[in-house]
1. Cβ-Cβ below 7 Å, separation at least six or inter-chain, first residue in the range 256-272 and assigned by TED's automatic domain parsing to the domain that holds G184 and under 20 Å from G184 (Cβ atoms), second among the aromatic types (F, W, Y) and assigned to a helix (DSSP H, G or I): which pairs?
2. Output the residue which, of all residues in the range 8-57 that are aliphatic (A, V, I, L, M) and in a helix (DSSP H, G or I), is farthest from the chain's Cα centre (by Cα).
3. Which of the residues belonging to the range 155-176 are under 17 Å from L202 (Cα atoms) and touching a residue at least 60 places away in the same chain (Cβ under 8 Å)?
4. Given (1) over 19 Å from F167 (Cβ atoms); (2) assigned to a loop (DSSP other than H, G, I, E, B); (3) modelled with pLDDT of 90 or more, where does H70 come up short, assuming only one miss?
5. G118 is checked against (1) surrounded by fewer than 17 Cβ atoms within 10 Å (Cβ to Cβ); (2) touching a residue at least 40 places away in the same chain (Cβ under 8 Å) and fails just one. What number does that condition carry?
6. Do we have any residue at all in the range 124-142 that's aromatic (F, W, Y), within 30 Å of I352 (Cα to Cα) and in the same structural domain as G333 (by TED's automatic domain parsing)?
7. Only one of (1) closer than 16 Å to D144 by Cα; (2) in contact with a Phe, Trp or Tyr (Cβ under 8 Å, 6 or more places away or on another chain); (3) at pLDDT 95 or above fails for L290. Which number is that?
8. Any idea how many residues of the range 278-320 are touching a residue at least 60 places away in the same chain (Cβ under 8 Å) and either of a type in the set (G, A, S) or in contact with a helix residue (DSSP H, G or I) (Cβ under 9 Å, 6 or more places away or on another chain) (or both)?
Amino acid sequence: MADQATGSGHQLQTVVIGAGQAGLSAAYQLTRRGLVPERDFVVLDANDGPGGAWRHRWPSLTFDAAHGLHDLPGLPLGTPDPHEPSSAVVRRYYGAYEQLFQLPVHRPVRVTSIDDDGALLRVRSDTGGEWLARTVISGTGTWDKPYWPHYPGQETFRGRQLHTRDFWSADEFRGQRVLVVGGGTSALQFLLQLDAAGADTLWSTRRTPDFTATPFDKEWGVDVERRVNERTRAGLPTLSVVAATGLPLTETYQQGIDAGVLVSRGKLARVTERGVEFADGSTEDVDVILWATGFRPSLDHLVPLRLREPGGGIMMAEDGVSVVKEPRLFLVGYGASASTVGATRAGRAAAISATKRLAAEAERQPVA
């Protein structure tokens, strides 16, 4: 008898990697298109419980401050307490979703590699389990790949350095001088929280912050996806989220600008033992450097398939989820679907493309 928890047994039609928004959306759509959970497909998730990357967000990121919490198909999120931590909201929501639709999520299982095994793809994990599948939908996102830029002298700094994924509470920095580096919304949220908690803050960005009053509505989202997809179809590396979206000029952020908290000192030139030197030659002593410098796609498990183009990206097909060099593989949480703006649609698109491929293969099979 097949044991899908360890990967032993008969081959699967599909393996979904990741139980975040895109992965759960894909799994739901697979069931809608006739695939039977456990028998035909499984979902492998590296986390200890539901919630995807959201389960790791800092407690002070409350539901009303979080950007991009969207409904999964078939189960509206509703209206949670705006002051509840977004991590708790999403853990509960994703957990209920998995149970309601009886999605076959196995965890914790971290996929380490995908290899070409002839007609099938072989999925290997850190538990020693292996799964053979006709198609794979990979939704590993970015949380596992924090980006740490390098500046001269960085290793000499005597204070504390941490990344977005290491941040937990602004209160621990009360009375300290904190430099936040990065131009995205996380940097803005950190600066406001740190200031409110009694820290002395500085902000550094590589370029002038791109605040925009453009409404972040459906039309805007479609335009962002179009521009990002143009890059992935060309096999170019993905850009940061803020490079594609800009920063929403909300009332809260405008107040932060007016108060002098959300005003960038510009680009860093180097890090010193006690602080930093900016590109304009000015220097500042700081106790802490918080690198809110974003993440890169978590795709190390795809290395054996040799999908990278010379520029470093992965060339995607017109649908935004199909990989040109490996048509049995579908990426969600990559490119336009790396943010929650397009994750649900990407999951649906991947499930549709995967089941179409499976149906076409079935038609080509000789009749016994």
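1. Matching pairs, first to second residue: L262/Y253.
2. L30
3. F157, G159, R160, Q161, L162, H163, T164, F167, A170, F173, Q176 - these are the residues of the range 155-176 that are under 17 Å from L202 (Cα atoms) and touching a residue at least 60 places away in the same chain (Cβ under 8 Å).
4. If we test H70 against (1) over 19 Å from F167 (Cβ atoms); (2) assigned to a loop (DSSP other than H, G, I, E, B); (3) modelled with pLDDT of 90 or more, just (3) comes out false.
5. If we test G118 against (1) surrounded by fewer than 17 Cβ atoms within 10 Å (Cβ to Cβ); (2) touching a residue at least 40 places away in the same chain (Cβ under 8 Å), just (2) comes out false.
6. The answer is yes; a qualifying residue exists.
7. For L290, the failing item is (1).
8. Adding up the residues that qualify gives 20.
The values are calculated or read from the model by the stated rules, or taken from the named source; none is laboratory data. For clarity, every value in this text was computed on a predicted model and none was experimentally measured. So basically every Cβ, Gly included, is an ideal-geometry build from the backbone, and we count neighbours across all protein chains shown.
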